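The values are calculated or read from the model by the stated rules, or taken from the named source; none is laboratory data. Only a predicted model underlies this, so the values are computations on that prediction, with no experimental measurement involved. Don't worry about glycine lacking a Cβ; one is built from the backbone with ideal geometry, like all the others, and counts go over all protein chains shown. For the accessible areas, the whole protein counts, side chains as well, though only heavy atoms, and no ligand, DNA or RNA atoms are used. Shrake-Rupley method; radii C 1.70, N 1.55, O 1.52, S 1.80 Å.
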2 protein chains.
Amino acid sequence: MKPGIKDVAKVAGVSPTTVSRVLNNRGYISEETRKKVYDAMEEINYYPNEIARALLNNRTYFVGVIVPTVTSPFHGEVVEQIEYYLSQKNYKMLLCNSKNQMDTEKAYIDMLRRNQVDGMIVGTHNAVVETYSKLKMPVVGIDRYLGEHIPVVSCDNYAAGQMATRHLIDKGCQHILCIRGNSKLKMPGNNRSQAYIQEMEKVGLPQMILEVPFIMENVEKQKLIYDMLNAHPEIDGIFAGDDSLAVIALHVARQKGINIPKDLKIIGVDGTKQILGFVPELTTIQQPVKQIAKVAVDKLIDLIEGKTAESCMDLPVKLLEGQTT
Amino acid sequence: MKPGIKDVAKVAGVSPTTVSRVLNNRGYISEETRKKVYDAMEEINYYPNEIARALLNNRTYFVGVIVPTVTSPFHGEVVEQIEYYLSQKNYKMLLCNSKNQMDTEKAYIDMLRRNQVDGMIVGTHNAVVETYSKLKMPVVGIDRYLGEHIPVVSCDNYAAGQMATRHLIDKGCQHILCIRGNSKLKMPGNNRSQAYIQEMEKVGLPQMILEVPFIMENVEKQKLIYDMLNAHPEIDGIFAGDDSLAVIALHVARQKGINIPKDLKIIGVDGTKQILGFVPELTTIQQPVKQIAKVAVDKLIDLIEGKTAESCMDLPVKLLEGQTT
């Protein structure tokens, strides 16, 4: 049994009301009594109950964060930064990994509501948009459209696609493959391949797009890319929608004995610390992860405090040139 | 303002007591009334308050999880799995990234206590052992000693070191460098280098140990390894205490133009999905991450339920042979 105010009062030899007044800094309390109470708290290991306070104030300072999985480098880094910025404002994070299962995501949403979170930050890939719209609760999407009135925070996805495609064209690529996720999901990230299409049209180069769903296993993703490179040996450039796809393409190409970057150039998007550490040779367009996390947290807290919050989808990206282009 | 029982009662046209009886399944309630209450809950978006129930029952079903950072592949995967196993038992995870700052870790411990977590699972690198011992609360360490009576869950670290060292010896290495973390921290992982020392003694080979603290920046780690390889060109094998160190060593060696595996063989420890995806060529000793997470969660719940729990530090590891040895 966790110790309560009554236990503190007993050990300190004062009334529970006195303990409560010390904790809430209310009314006059002598220095001696105050010390007695704090000593008793220390002795029996009592901590003021923030949960009880939350219940009284109808405000828990809990924020639910739902991502596909923290083992994806982008989401891992986003979660780390969100947790940091939330903790700076005394908010606590309830982390949920949806594994891209719609049922799991819905169950998490219910759980978060029963636990009275003040709001949610969501970066999942599922199409449970109607669920979020109906929540009547502060919600912010990270690179996801979650409903008409839910603000979205993301990098400038169009600029990312444009920068990547132009980089490959500038390096002399003529047959550029764009590898992207499932186009049926309406996501801000779709602007990456949209920019690819428009840049290729501008210079009159042929477009090739390969869809590789995020939820597929790595071996299946490898197979799709392997088959594509076999069917189209003319491919001399790959713009992958994210670094994980770029690294898979890189390994497939190496297995096929293709000389990189001489015969095939590869560029990704994300530029997380992890990818930079594990695959430093990769050329990529870096997302401003810290900024994305900070803006998302700020907007969520604005909503929680009853203010309005608009989407912010133009956080700046930058080219990090490695040895794969 | 979140809707409460009174609001449900008003919309349903019944008394708050009736709503409470429906929610708690107490006493006779007609089907008609029950439906009215559930319809009203749906209409005004009311969710039963688990926080209030937690307060009544002195049990929150919150578990605090403190790791250095979810962006480390091992901790990211452990956190994902812990969250999964906790959610299977209706527990919720409050995630804390200590960034290996002792003050941050202490502040998190206080925060978790004020929020009445039922227990904690801790995998940090800091020496705040006395803090955990004094908690008088269920705590489980992941690959960390946290105090005399706190159970530890880990892989068989000695077997990992033995398997890795023998593998390099079997492959013909004569001058094997062991790269490990800070030896001053008393951690189960130290058994990895302990096994290296004993295996090298057995076969009469010279021992070389390089300490590379976990908290160092990657560029500093690279520099240390670079300098070591310069000073000892005879090194023909590297046993890195974890995959992140192994990958850094791999990149340093490639930069120096060393032929891998011909002139230098490298093996790590962890074998997470991420490393297997990003650096599939790495030979490594794989930890059973799912099992570690499951056992840690089971032991914590045992402690929460008043049962006893012993340490479990011999979860099996296995060799995954890639192209770096």
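For A:Lys184, inter-copy separations between label points set 7 Å beyond Cα along the Cβ vector come to 5.7 nm, shortest first. Building the convex hull from the alpha-carbon atoms of the range B:233-285 and averaging its projection over directions returns 3.3 nm².
Normalised Debye scattering of chain B at q = 0.15, 0.16 Å⁻¹ gives log10 I(q)/I(0) of -1.14, -1.24, counting only Cα atoms as equal scatterers and leaving out solvent. For B:Lys202, the solvent-accessible surface with a 1.4 Å probe is about 140 Å², rounded to the nearest 10. Contact residues in the range B:246-280 (at least 50 Å² less accessible area with all protein chains than alone, 1.4 Å probe): B:His251, B:Gln274, B:Phe278. DSSP assigns beta bridges within chain B; of those with both partners inside it, close to 10 percent run antiparallel. Shape analysis of the protein assembly as shown yields a ratio of the Cα radius of gyration to the Kirkwood radius, Rg/Rh, of 1.01. Ranking B:Met93, A:Met187 by solvent-accessible area of protein heavy atoms (1.4 Å probe, all protein chains present), from largest to smallest, gives A:Met187, B:Met93. The label-point distance for A:Asp314 and B:Lys273, in a model that sets each label 7 Å from Cα toward Cβ, rounds to 3.7 nm.
Distance between the C-alpha centers of the range A:264-307 and the range A:133-192? Whole Å please. Rounded to whole Å, the Cα centres lie 12 Å apart. Each other copy places its own label point for A:Glu305 at 4.4 nm from this one, sorted shortest first, where the point lies 7 Å along the Cα-to-beta carbon line. Put simply, the amide H of B:Gly181, placed in the peptide plane, has neighbours under 5 Å in B:Val212, leaving out anything fewer than 5 places away on its chain.
Placing unit charges on the Cβ atoms of the charged side chains and taking the dipole of the protein assembly as shown about its Cα centre, the candidate lying farthest along the positive direction among A:Asn100, B:Val117, B:Thr284 is B:Val117. Between B and A, roughly 5100 Å² of accessible area is buried in total, ligands, DNA and RNA not counted and the probe set to 1.4 Å.
Comparing each chain alone with all protein chains together (probe 1.4 Å, DNA, RNA and ligands left out), the residues of the range B:32-49 losing at least 30 Å² of accessible area are B:Asn45, B:Tyr47, B:Asn49. With unit charges on the beta carbon (Lys/Arg positive, Asp/Glu negative), name the residue among B:Val295, B:Gln255, B:Leu315 whose Cα is farthest towards the positive pole of the charge dipole of chain B. Most positive-ward Cα: B:Val295. About its Cα centre, the dipole of the range A:5-48 is roughly 220 debye, where the only charges are +1 on Lys and Arg Cβ and -1 on Asp and Glu Cβ. Whole Å is fine, so just give me how far the alpha carbon centre of the range B:208-243 lies from that of the range A:1-52. Between the Cα centres of the range B:208-243 and the range A:1-52 lies a distance of 52 Å.
Entry note, chain A: relative contact order of 17 percent, from Cα contacts under 8 Å with a spacing of 6+ residues.
Only alpha carbons enter this Debye calculation for the range B:6-117, each as an equal point scatterer, and the log10 of I(q)/I(0) it gives at q = 0.12, 0.15, 0.20, 0.23 Å⁻¹ is -0.62, -0.77, -1.00, -1.17.
Please find, in a Gaussian network model of chain B (springs between Cα atoms separated by less than 10 Å), the residue of B:Asp170, B:Asp118, B:Asp236 whose mean-square fluctuation is greatest. Result: B:Asp170 has the largest fluctuation of those listed. A Cβ-based charge dipole, computed about the Cα centre of the range B:29-121 with Lys and Arg at +1 and Asp and Glu at -1, lands at about 320 debye. Within the range A:157-287, the ratio Rg/Rh, alpha carbon atoms throughout and Rh by Kirkwood, equals 0.92.
The value of relative contact order for the range A:89-236, using C-alpha pairs under 8 Å at least six residues apart, is 18 percent.
Ordered by 1.4 Å accessible area with all protein chains kept, A:Arg166, B:Arg114, A:Arg26 run largest first as A:Arg26, A:Arg166, B:Arg114. Counted over the protein assembly as shown, the DSSP beta bridges are approximately 10% antiparallel.
Inter-copy label distances at B:Val203, shortest first and taken from points set 7 Å along Cα to Cβ: 5.2 nm. Taking every protein chain into account, the accessible area of the protein assembly as shown amounts to 44 square angstrom per residue (probe 1.4 Å). Comparing the full protein assembly with the isolated chain, the residues of the range A:71-85 losing at least 30 square angstrom of accessible surface (1.4 Å probe) are A:Thr71, A:Glu80, A:Glu83. Qualifying chymotrypsin sites (Phe, Trp or Tyr not before Pro) in the range B:2-65, where qualification requires a DSSP coil assignment and no more than 11 other C-beta atoms within 10 Å, comprise B:Tyr28. Placing +1 on each Lys and Arg Cβ and -1 on each Asp and Glu Cβ, with no other charges, gives the range A:266-309 a dipole about its Cα centre of roughly 80 debye.
For the range A:5-48, the Kirkwood estimate of hydrodynamic radius, built from reciprocal distances between every pair of different alpha carbons, is 9.9 Å. Near B:Val19, once Lys and Arg are set to +1 and Asp and Glu to -1 for all other residues with Cβ below 10 Å from its Cβ, the sum equals +3. Measuring only protein heavy atoms, the 1.4 Å probe finds B:Arg192 accessible over about 20 Å². Cross-link pairs exceeding 31 Å between alpha carbons, from the set A:Lys290/B:Lys223; A:Lys6/B:Lys92; B:Lys136/B:Lys273; A:Lys106/B:Lys35; B:Lys92/B:Lys136: B:Lys136/B:Lys273.
Annotation for B:Leu56 and B:Lys10: the two label points, set 7 Å from Cα along the Cα-Cβ direction, are 2.2 nm apart. By accessible area, using a 1.4 Å probe on protein heavy atoms only, the range A:5-48 has 49% of its surface on carbon and sulfur. Within the range B:284-325, the trypsin sites (Lys or Arg not before Pro) that combine a DSSP coil assignment with at most 15 other C-beta atoms in a 10 angstrom radius are B:Lys307. Only Cα sites of the range A:94-189 enter the Debye sum here, all with the same form factor; the resulting log10 I(q)/I(0) across q = 0.20 1/Å is -0.98, listed in q order. Note on the range B:75-176: with neighbouring protein chains present and a 1.4 Å probe, carbon and sulfur make up 47 percent of its accessible heavy-atom surface.
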